[in-house]
Amino acid sequence: MVKYIRKLEEEGNTDRVNLLIKNFLHVFSSSRELTDNIVDLLLKRLERLSALENPSLNLAYVTLEMAVSLEERFALNAVDSTSIKDRIDRINELISDIERKELNKEVDSLCSELEREQLQPYPDMDEAELSAKVQNLLAKAQRLINNPLLENSDRERIYEGMYNVQKAMQKTLEEKSLRNLKDYNRWALEILKVYSQDWNVSQIQQYAKELGQIDTRYLFPEVNVYYNWVLSKIVEKLKKENDLKVFVDTMFNQGKRSP
């Protein structure tokens, strides 16, 4: 049976090997020789896995679980299981190596992603989309930062990367906001340029519908000066109190447009 299992292991049929070991665990644990042979096989598997570029962490955990179960069953009937425990300790060390290797890959992957994100301008993304992207990156970063195996130097790399990404995205939002503000002022300026001092009262009252859409909070100082000048000329033109009241009411009832 052990020879057959070894042959399957050499062929890479780990699923079949795992199934046989689990099904015959009570048989293997009844003998020191059998227990030694199976634990050795599992230890060698972990040594092979730890040497791979992309080891399967799940297979490593399954391997450890079988080795521990075998040792525990054997210890129930054995006087001394120290040698087996020593090999399981070695298996644990190898798993820690695999975990660190996987963690290093995740850190490198995240840091590469953070570097790419710093260079992306994202001109078409709104604030909500950018915020969601940052939150997604933060979640990835936090999961790695909380890992006790993470080296301090890697933790600093992640912190620095996240800071730079947030800084870059904040700059993007500010630039986008400025572009929107410029567009808004161009739009307001076009409305202001339409006004003519030759208009009659009826035309001015109609004009109040357009003028009332402008929110002066978003106007640049120079545009705001023009806005006040137009408004002053309109007030001069509307000599009757009722005309002025209608004009103001019309402006007030318009929905303010935002950048």
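From the list 164, 136, pick out the single residue that is at negative phi, part of a helix (DSSP H, G or I), in contact (Cβ under 8 Å) with a residue 40 or more places away in the chain and not aromatic (Phe, Trp, Tyr).
Only one candidate passes the filter, namely 164.
Just name the residue that is least open to solvent (accessible area, probe 1.4 Å) out of those in the range 139-156 that are within 20 Å of residue 101 (Cβ to Cβ), among the polar types (S, T, N, Q) and in a helix (DSSP H, G or I).
So the residue we want is 153.
Filter the range 58-87 for residues that are loosely packed, with under 14 Cβ neighbours inside 10 Å and β-branched (Val, Ile, Thr); which is nearest to residue 21 (Cα to Cα)?
The residue in question is 82.
Of all residues in the range 100-135, how many are within 10 Å of residue 165 (Cα to Cα) and loosely packed, with under 12 Cβ neighbours inside 10 Å?
Residues flagged as within 10 Å of residue 165 (Cα to Cα) and loosely packed, with under 12 Cβ neighbours inside 10 Å within the range 100-135 amount to 2.
Name the single residue, out of those in the range 72-100 being within 16 Å of residue 44 (Cβ to Cβ) and either over 42 Å from the mean Cα position of the chain (by Cα) or basic (Lys, Arg) (or both), that is modelled with the lowest pLDDT.
Restricting to residues being within 16 Å of residue 44 (Cβ to Cβ) and either over 42 Å from the mean Cα position of the chain (by Cα) or basic (Lys, Arg) (or both), the top hit is 83.
Pull up the range 12-34, narrow it to residues that are part of a helix (DSSP H, G or I) and over 24 Å from residue 56 (Cα atoms), then point me to the one that is least open to solvent (accessible area, probe 1.4 Å).
Ranking the qualifying residues of the range 12-34, first place goes to 28.
How many residues are under 49 Å from the mean Cα position of the chain (by Cα) and crowded, with 16+ Cβ neighbours inside 10 Å if we restrict to the range 211-253?
11
Condition test on residue 90, is it farther than 18 Å from residue 12 by Cβ and out of contact with any strand residue (DSSP E or B) (no Cβ under 9 Å at 6 or more places or on another chain)?
yes
Looking at 188, 139, can you tell me which residue is of a type outside the set (D, E, K, R) and touching a Lys or Arg at 6+ places or on another chain (Cβ under 9 Å)?
That would be 188, the only listed residue that is of a type outside the set (D, E, K, R) and touching a Lys or Arg at 6+ places or on another chain (Cβ under 9 Å).
Go through the range 1-11 and give me each residue that's open to solvent by less than 90 Å² (accessible area, probe 1.4 Å) and either of a type in the set (Ser, Thr, Tyr) or over 23 Å from residue 102 (Cβ atoms) (or both).
2, 5, 8
The values are calculated or read from the model by the stated rules, or taken from the named source; none is laboratory data. For clarity, every value in this text was computed on a predicted model and none was experimentally measured. Note that we place each Cβ from the backbone using ideal geometry, even for glycine, and neighbour counts take in every protein chain shown. Only protein heavy atoms, including side chains, enter the accessible area calculation; ligands, DNA and RNA are left aside. Shrake-Rupley method; radii C 1.70, N 1.55, O 1.52, S 1.80 Å.
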